[in-house]
Amino acid sequence: MADVKPTTSQNPMMYMLLFLFLIMIVMPYVGPILGVAFGYILAPMIGFNAKYPVLTIALAGAFVVALSSLFNNLFTDWRAMGRAQEISKAFNKELTQARKENDTRKIKKLMKMQPEILQMSTQSSFGTMKAMIPLIILIFPIFIWLRVFLSGSPYLFFTVPWANRVALYDRTVIQNWLLLYFVFSTVFGQVFRQAFKAIALSDWWQNIKANRKSVS
């Protein structure tokens, strides 16, 4: 039975990866259409008539990161993932120690347990994979809208402490507007992820999940 478990647990992951691959193929064609549709919502909210492109970039980054953090926490069981990580860490430590001591009996015993450890790690990270589906569908069009929207802005320059005039579409390694987007996303990402994770690990949220399971 131990040999069968890894195969059955990998099937959902295989289907998920295939579905994500299909989305990535289709999205370059569908994304621009969705980007236009998203523009009708985002432009009035964070567009500011294209007068403040840096603020628009910052708010777009915050919005995308908030969505990403929300979906990750809706689909991810952080406690189960933490338990799986601790068990995997302890297992690897025991296996390394057994190999150092050349304890073949213990190595064989641990190797028989390895498929179950891998299955546990896969199942705990499966929620993160599921969260990628709505993320790709929603975030990719937002990113497309942002690029098109900024290209129509009359204010294509911004100021930084080391330069008074930096063009949004100039390139260092990547275009400056994209660099700004990544900077804002990284900063906001740390705040949102920790906040959502703290909520997800709280007893209040665990009670809500327990009540939903009991009702269903």
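Quick check on the range 97-110. Is at least one of its residues under 32 Å from the mean Cα position of the chain (by Cα) and either within 23 Å of residue 202 (Cβ to Cβ) or assigned to a helix (DSSP H, G or I) (or both)? Checked the range 97-110: no residue is under 32 Å from the mean Cα position of the chain (by Cα) and either within 23 Å of residue 202 (Cβ to Cβ) or assigned to a helix (DSSP H, G or I) (or both). Scanning the range 30-81 for residues that are among the polar types (S, T, N, Q) and under 26 Å from residue 166 (Cα atoms), we see that the one that is nearest to the chain's Cα centre (by Cα) is 56. Taking the criterion of being outside any loop (DSSP other than H, G, I, E, B) and more than 20 Å from residue 50 (Cα to Cα), would at least one residue in the range 143-163 satisfy it? Taking every residue of the range 143-163 in turn, at least one turns out to be outside any loop (DSSP other than H, G, I, E, B) and more than 20 Å from residue 50 (Cα to Cα).
Is it the case, given these coordinates, that residue 137 is surrounded by fewer than 16 Cβ atoms within 10 Å (Cβ to Cβ), under 23 Å from the mean Cα position of the chain (by Cα) and under 30 Å from residue 194 (Cβ atoms)? So residue 137 passes the test.
For (1) under 29 Å from residue 33 (Cα atoms); (2) at pLDDT 80 or above, each residue gets a yes or a no:
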residue: 135; (1), (2): yes, no
residue: 143; (1), (2): yes, yes
residue: 149; (1), (2): yes, yes
residue: 154; (1), (2): yes, yes
residue: 167; (1), (2): yes, yes
residue: 178; (1), (2): yes, yes
residue: 187; (1), (2): no, yes
residue: 204; (1), (2): no, no
residue: 208; (1), (2): no, no
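Which residues, counting only those in the range 61-90, are of a type in the set (Asp, Glu) and either part of a helix (DSSP H, G or I) or at pLDDT 85 or above (or both)? Matches in the range 61-90: 86 only.
The values are calculated or read from the model by the stated rules, or taken from the named source; none is laboratory data. These numbers were taken from a predicted model, which means no experiment stands behind them. Cβ coordinates were reconstructed from backbone atoms using ideal geometry, including for glycine residues, and neighbour counts include every protein chain displayed.
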